[in-house]
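The structure appears right after this line, and notes come after that.
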Amino acid sequence: MSLLRLIFNLLWFVMGGFVMGLAWWLVGLLCFISIVFIPFGRACFVIGEMAFWPFGNEHVNRERLNRVADIGTGPLGVLGNVIWLVFAGFWLALGHLFHAIACIVTIIGIPFGLAHLKLATLTLMPIGRTVVNKAC
């Protein structure tokens, strides 16, 4: 991990990343408790880790990454995204949007606000996407 990436991730963690990462993990726990939404819960923990340390990570379409379609990248993935949006996605995206506005207003926090917006787009439709490390 580069020094700049480490510094950004530490600042991010203090300036909203910790709160949103915990929010993702809380939703993940609720999904696991419901049993039916266990696949959503697993995704929450993966994305929650990205919410804790976003710099150096990005979300990509699994079909493009693996070059093969799977259950999450087809019609069932769309249905899953709609269910996700109704039950949890909207609220998590709202949290990221709130943090993005708070960071962007400070001017110096613009990179953090952009990272929150990146996570907000992932929050709306996470099914069929995966988190990968960026190549240096």
How big is the gap, in Å, between the Cα center of region 1-35 and the Cα center of region 60-134? 13 Å
What angle do you read, to the nearest 10 degrees and between 0 and 90, between the alpha-carbon axis of helix 3-12 and the longest principal axis of the chain? 80 degrees
How high is the relative contact order of the chain, in percent, counting Cα pairs under 8 Å that sit 6 or more residues apart? 28 percent
Along the three principal axes, how long is the chain when you take its alpha carbons, biggest first, rounded to the nearest angstrom? 41, 30, 22
For region 71-134, just the Cα set please: Rg and Dmax, both in angstrom. 13.5, 42
Place a label point 7 angstrom from the Cα of Val46 along the Cα-to-Cβ direction, then list the residues of region 103-135 whose backbone nitrogen is under 18 Å away. 119-135
For the chain, the longest principal axis of the Cα atoms and the Cα long axis of helix 90-105 enclose an angle in degrees, to the nearest 10, of 20 degrees
Would you mind checking the tilt of helix 110-124 against the longest principal axis of the Cα atoms of the chain, expressed as 0 to 90 degrees and rounded to 10? 10 degrees
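Bear in mind that the values in this text are calculations on the coordinates, not laboratory data. Since we're looking at a predicted model, the values are computed, not measured. A quick note on method: Cβ atoms are made from the backbone with ideal geometry, for glycine too, and the neighbour counts reach across all protein chains shown.
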